[in-house]
Amino acid sequence: MEATVTGETVRPSDLPAPPKDAIRIVQACSNPGIDSRDLARIVANDPVLTAELLRVANSAYFGLVSQVKSASRAVTILGSRALRNLVLCISMRDALRADSIPGFDIDTYWEDALRRAVSARSLAGLAQLDADECFTAGLLQDFGLLVMLYLMPGRVEHWSDLAHATPEERRDLEIELFSTTHDEVGLTLATSWDLPTELTLAMGYHHEGPPESSEPQDILLCKVAACADWMAAVYRCEDKRVSIQRARVLLKDNFGASAEHTDFLLQQVSESMTEAASAMGMRVGEQKSFDAVLREANLRLAEDNLSYQELNWRLQQALAERDKFADELRYELELAREVQKSLLPPCAGSLSNVVGLNLTAKAVSGDFYDYYQLVDGRIAFCLADVSGKGMNAALLMAKAASLFRCLGKGIHDPAKLLSMLNREIFETSIRGMFVTMVAGVFDPATGEVMLSSAGHLPVLHMGCAALIAEYPAKAPPLGINPDGVFTNEVFHLQGGCLYLYTDGLVEARLDDGRLEKDGLIRLVRDVSHLPAPERAAAIAAAVQARDGAVEDDLTLVIVEGRQRHGAG
């Protein structure tokens, strides 16, 4: 499909050229037959793109469970779909240089685009779509407007009018200025660049809806993009009353969201913008809170002859409704936290050879650990970390923890147990989510350990004063590949201890940087004289803030061959 700008057909040669390596990666990610090693080599072909990809992937906003330091690790941890989306976001951001459109402040355009991306990502849960894919669609959906300004830089003087218009007003103004619209040009661009179908449809049909023959998931993504457009307009357009009301109506019609829930999501957009901008390497100005936007909208009502008393009443009512929703949400999160606590081992000291500790950064956690005694006297144990953050991660954690305890009572081979867990999680988890897990069986009578790891951080085998060995993962995380192959490591503790931990420990901030693995080994040596429970508490205390808070979920399990000090 081709668009026309002021009567002339837009040819592919007129469009900004896509980075060749980026498009090669996107096409490779869409090829189900490509080998992960070949994909990693393609990614590593462009060192500049690779460096930026790793920086974005390791940002707090995208919430990976462990740091990605190489192209091959990025392919393994992210998976092809998430990798494709990140590469597309980076490439589109860099497709036009800051000086490509004379006299145009491109940062203001990308701030608006980022707000649509953050809005779309906030809707992923309601739409039951992948959050990173929603973010990508939101970031790209109005790229056609930037292309039109690139083709006709003389229209830059109208940018302020375009930016402050509602989505409907903006399209009308585009037709007047360019004889076409951003979605028509976006569709031409996406087709020319051979972008994935779902993103092509989101760019070309987020205003009028895709063809009826489209897949249900693609239709949902177009609806997410349409809602995100109006949510972003709340913060930019002149008449905020119209945008707020339209956003509420669209979210209710498309996803059944109440007005209070819509307002809550709009507040989240404001709060997430700075973190998202840091992740994407973009510059954004100071972000106005939704409360401030709501007050501005209500003041506009006052200017339209609404009495001050009614204005104040409506504002207080809106704030009260928001506070009520927030209180209800806090209550639900507290209940979820209690349920999560109940999934941990029943009491400290129940087994003399194992101790565990879990500290959560927020109300609910994506980390968990478990251990229990088998009928033959051996001890089964595990530690795991779910990708992402928030309620989705917490629910997947609860499922994985329940499966481990239920299936582990009958399957005493860690590799076989992980294989079964992998298939179960792959079949039912949300796309893009996965679990890293270490599972093992320890025989206190002989000191023998059987250990298997699915994409998790290396297990440390420590003696009294030195590292004896470490056991890195030899299989991908659970939920990525249903046919993943898992193997066991069999060894003896030799009177030493095993340390299983999540990235919240090794990535904890200290005065001179992050703890990292070498710092953890030094810390373990320093407290090795303490009994295991006190040792775990001392390790955690070393990385906690003064108020006991942690930056990320932190979980630690110690398995020792000798009896704990003071054990009965």
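The values are calculated or read from the model by the stated rules, or taken from the named source; none is laboratory data. Everything numeric here is computed off the predicted structure, so don't read it as measured data. Don't worry about glycine lacking a Cβ; one is built from the backbone with ideal geometry, like all the others, and counts go over all protein chains shown.
If we scan the stretch 414-430, do we find a residue that is farther than 20 Å from Asp367 by Cβ, not assigned by TED's automatic domain parsing to the domain that holds Ile77 and not in a helix (DSSP H, G or I)?
The answer is no; no qualifying residue exists.
Going through the stretch 552-568 one residue at a time, which ones are among the small types (Gly, Ala, Ser) and at pLDDT below 75?
Passing the criteria: Gly566, Ala567, Gly568.
Being more than 14 Å from the chain's Cα centre (by Cα) and surrounded by 20 or more Cβ atoms within 10 Å (Cβ to Cβ) is the filter; apply it to the stretch 77-88 and report the residue that is nearest to Asp130 (Cα to Cα).
Arg84
Can you run down the residue pairs with Cβ atoms below 9 Å, 6 or more apart or on separate chains, where the first is in the stretch 342-370 and at negative phi and of a type in the set (Lys, Arg) and the partner is surrounded by fewer than 18 Cβ atoms within 10 Å (Cβ to Cβ) and at pLDDT below 85?
Close Cβ pairs satisfying both conditions: Lys362/Leu333; Lys362/Gly390.
Looking at this structure, is Ile411 β-branched (Val, Ile, Thr), in contact with a strand residue (DSSP E or B) (Cβ under 6 Å, 6 or more places away or on another chain) and farther than 30 Å from Ser122 by Cβ?
No, not satisfied.
Of the residues Met450, Met397, Met433, which single one is crowded, with 18+ Cβ neighbours inside 10 Å, at pLDDT 90 or above and outside the structural domain of Asp35 (by TED's automatic domain parsing)?
None of the other options fit; the residue is Met450.
To keep it simple, each residue is scored yes or no on (1) out of contact with any helix residue (DSSP H, G or I) (no Cβ under 7 Å at 6 or more places or on another chain); (2) not hydroxyl-bearing (Ser, Thr, Tyr).
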| position | (1), (2) |
| --- | --- |
| Leu189 | no, yes |
| Thr200 | no, no |
| Gly204 | no, yes |
| Pro216 | yes, yes |
| Ala226 | no, yes |
| Tyr235 | no, no |
| Leu265 | no, yes |
| Ala276 | no, yes |
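If Ala247 satisfies all but one of (1) touching a Ser or Thr at 6+ places or on another chain (Cβ under 8 Å); (2) closer than 21 Å to Asn85 by Cα, what's the number of the condition it fails?
Condition (2) is where Ala247 drops out.
Within the stretch 508-519, identify whether any single residue is free of Cβ contacts under 8 Å to residues at least 12 places away in the same chain and touching an Asp or Glu at 6+ places or on another chain (Cβ under 6 Å), and answer yes or no. Steps first, please.
Taking the stretch 508-519 first, the residues free of Cβ contacts under 8 Å to residues at least 12 places away in the same chain are 511-514, 516, 518.
With the extra rule that they be touching an Asp or Glu at 6+ places or on another chain (Cβ under 6 Å), the set shrinks to 514.
Yes, there is a match, as at least one residue in the stretch 508-519 is free of Cβ contacts under 8 Å to residues at least 12 places away in the same chain and touching an Asp or Glu at 6+ places or on another chain (Cβ under 6 Å).
Name the residue that is surrounded by the fewest Cβ atoms within 10 Å (Cβ to Cβ), counting only residues in the stretch 283-324 that are touching a helix residue (DSSP H, G or I) at 6+ places or on another chain (Cβ under 8 Å), at pLDDT below 80 and more than 18 Å from Gln245 (Cβ to Cβ).
Tyr308
Among Ala549, Ala545, Ala536, Ala508, which is the only one that is assigned by TED's automatic domain parsing to the domain that holds Asn358 and at pLDDT 90 or above?
Among Ala549, Ala545, Ala536, Ala508, only Ala536 is assigned by TED's automatic domain parsing to the domain that holds Asn358 and at pLDDT 90 or above.
When you go through (1) farther than 30 Å from Asp367 by Cα; (2) at pLDDT 75 or above; (3) among the aliphatic types (A, V, I, L, M) one by one for Ala17, which number turns out not to apply?
The number of the failed condition is (2).
I'd like to know if the stretch 348-369 contains one or more residues that are modelled with pLDDT under 80, more than 21 Å from the chain's Cα centre (by Cα) and assigned to a helix (DSSP H, G or I).
Scanning the stretch 348-369 turns up no residue that is modelled with pLDDT under 80, more than 21 Å from the chain's Cα centre (by Cα) and assigned to a helix (DSSP H, G or I).
For Ile219, all conditions in the list (1) modelled with pLDDT of 90 or more; (2) over 27 Å from the mean Cα position of the chain (by Cα) hold save one; what is the number of the exception?
(2)
Is it true that some residue in the stretch 228-243 is aliphatic (A, V, I, L, M), on the phi < 0 side of the Ramachandran plot, free of Cβ contacts under 8 Å to residues at least 40 places away in the same chain and in a helix (DSSP H, G or I)?
Going residue by residue through the stretch 228-243, those that are aliphatic (A, V, I, L, M) are 228, 231-234, 242.
Keeping just the survivors that are on the phi < 0 side of the Ramachandran plot gives 228, 231-234, 242.
Filter again for free of Cβ contacts under 8 Å to residues at least 40 places away in the same chain, leaving none.
No, the conditions are met nowhere in the stretch 228-243.
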